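The values are calculated or read from the model by the stated rules, or taken from the named source; none is laboratory data. As the structure is a prediction and not an experimental result, all values here were calculated from the model. Here the Cβ positions follow ideal geometry from the backbone for every residue, glycine too, while neighbour counts run over all protein chains shown. Surface accessibility is based on the protein's heavy atoms, side chains included, excluding ligands, DNA and RNA. Shrake-Rupley method; radii C 1.70, N 1.55, O 1.52, S 1.80 Å.
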Amino acid sequence: MEIRQLEYFCTLAHLENFTRTAEALHVSQPSVTKAIKSLESEIGLTLVDRRQKRVSLTLEGRAFLLHAEGIMQAVERAEQDMLRFRPDAKKTVHFGLPPMLEAYLFPDFFTKFTVAHPDINLEVCEYVDSVEVRSKVEEGLLDFGVVLAPVAKARRNELAVLRDTMQLCLPFSHPLTMREHVAFADLRREKFIMQQPNTYQYDTVYRMCVENGFAPEILLCTSQLKTIKQLVANSLGISILPGFVTRGETIFERRPLVPQLGVQANLFWNPQKRLSETGRKVVSFMEEYTALEEFRERFSQ
């Protein structure tokens, strides 16, 4: 039994197609077919059901997959551990973040991670919105992305990093500052200052306005949070932003919305790729970091 055969088998089990498996592994299809047949011959069992266009594993194949994946993970751990002895051992992890998260959530995380893991370099790029970040991760151009999404249970390829609520941002002189809570229906005649389309903020606020019977009058769309905040402070319009980017601001008023509008930041990685040892270190450290009391206090209401 060879490592190459196990790699081919695990990839085929995931992609369910010999041609796509060969393409993913950059080998010929006959090479994949030969490796799987050789593996079945050695074990003495049929592992793959080839009767349909989309291949599937037999009962025996599903049982063997558990062992094969365990072996491949052990091999990867061994390879990663041996990198410690190489002069070029420093690993680079590519992160993508939308504008709302880059400045407010993670400078401290990246600093602490670098101290804890000096052999791993975190390369951080800012993108226009969470949609673009997800796309780059799924294309394999990024190892991780942190994206904004509605509050929900994280999927198996996600880690919920932070949950917060969206806050209404008002000029000091605005009549709505007299209220403790503000309903979306009360924003019908307001001028909105928004982030760009496809951002979580734009899409969510626009949808909530429509659900309350009106289309928002948008004064300006910009990716610059400082611009949004200053325009609100200058009484040119209102905005709705996550609590963690407005908490502590003194140039405008904040009010909670009714109904409450939740927002969640998720660490996201490619569901089609198994996490490397380095990737697992990133996820593990993120779990530890976001569980710290100082982190929770910083982003509490």
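Sort the stretch 196-289 into rounded, prolate or oblate with this rule: let a ≥ b ≥ c be the square roots of the eigenvalues of the Cα gyration tensor; rounded if a/c is under 1.5, and if a/c is not under 1.5, prolate when a/b is larger than b/c, oblate otherwise.
prolate
Which aspartates and glutamates have a Cα less than 13 Å from the Cα of LYS281, not counting those fewer than 8 places away in the same chain?
Once the sequence-local aspartates and glutamates are set aside, what remains near LYS281 is ASP81, ASP119, ASP143.
Between the alpha-carbon centers of the stretch 32-77 and the stretch 178-221, tell me the distance in whole angstrom.
Using only Cα atoms to place each centre, the spacing works out to 53 Å.
With a ≥ b ≥ c the root eigenvalues of the C-alpha gyration tensor of the stretch 1-70, is it rounded (a/c under 1.5), prolate (a/b larger than b/c) or oblate? Working shown, then result.
On the way: a/c = 1.43, a/b = 1.19, b/c = 1.20.
Taking the square roots of the gyration eigenvalues as a ≥ b ≥ c, the stretch 1-70 is rounded.
Counting only protein heavy atoms, what percent of the accessible surface of the chain is carbon or sulfur at a 1.4 Å probe? Spell out each step's value before the answer.
Details: 8100 of 15760 Å².
Result for the chain: 51 percent of the exposed heavy-atom area is carbon or sulfur.
Residues with amide H under 5 Å of VAL258's amide H, sequence separation 5 or more or different chain, H placed in the peptide plane at 1.01 Å from N; which?
Counting only residues 5 or more places away or on other chains, the set is VAL182, ALA183, PHE184.
Taking a ≥ b ≥ c as the square roots of the Cα gyration tensor eigenvalues, with a/c under 1.5 meaning rounded and otherwise prolate when a/b beats b/c, else oblate, which class fits the stretch 253-301?
Oblate.
In percent, what relative contact order does the chain have, based on Cα pairs under 8 Å that are 6 or more apart in sequence?
20
Per residue, how much accessible surface does the stretch 161-273 expose to a 1.4 Å probe? Answer in Å², no decimals. Intermediate values should be presented prior to the final figure.
Values: 5100 Å² over 113 residues.
Averaged over the residues of the stretch 161-273, the accessible area is 45 Å².
What accessible area per residue comes out for the stretch 1-82, rounded to a whole number of Å², with a 1.4 Å probe?
Averaged over the residues of the stretch 1-82, the accessible area is 61 Å².
Please turn the phi angles of the stretch 283-292 into ³J(HN,Hα) values with the Karplus equation 6.51 cos²θ - 1.76 cosθ + 1.60 (θ = phi - 60°), one per residue in order, whole Hz, x for glycine and proline.
Once rounded to whole Hz, the list reads 5, 4, 5, 4, 4, 5, 5, 6, 8, 5.
Would you compute, from DSSP H runs of 4+ residues alone, the mean residue ellipticity of the chain at 222 nm, taking -39500 (n - 2.57) per run and dividing by the full residue count, rounded to the nearest 500?
-13000 deg cm²/dmol
About its Cα centre, how strong a charge dipole does the chain have in debye, to the nearest 20, once Lys and Arg get +1 and Asp and Glu get -1 at the Cβ? The partial results should precede the final answer.
Details: 37 positive and 39 negative charges, 100 e Å.
Around 480 debye, computed over the chain.
Restricting to bridges with both residues inside the chain, how much of the DSSP beta-bridge set is antiparallel, in percent to the nearest 5?
60
Can you list the lysines whose alpha carbon is less than 26 Å from that of LYS37, not counting same-chain residues fewer than 8 positions off?
The reachable lysines, counting only those whose Cα sits under 26 Å from LYS37, are LYS53, LYS273.
Enumerate the aspartates and glutamates that LYS191 could reach by cross-link, defined here as Cα to Cα under 12 Å, with residues fewer than 8 away along the same chain left out.
GLU217
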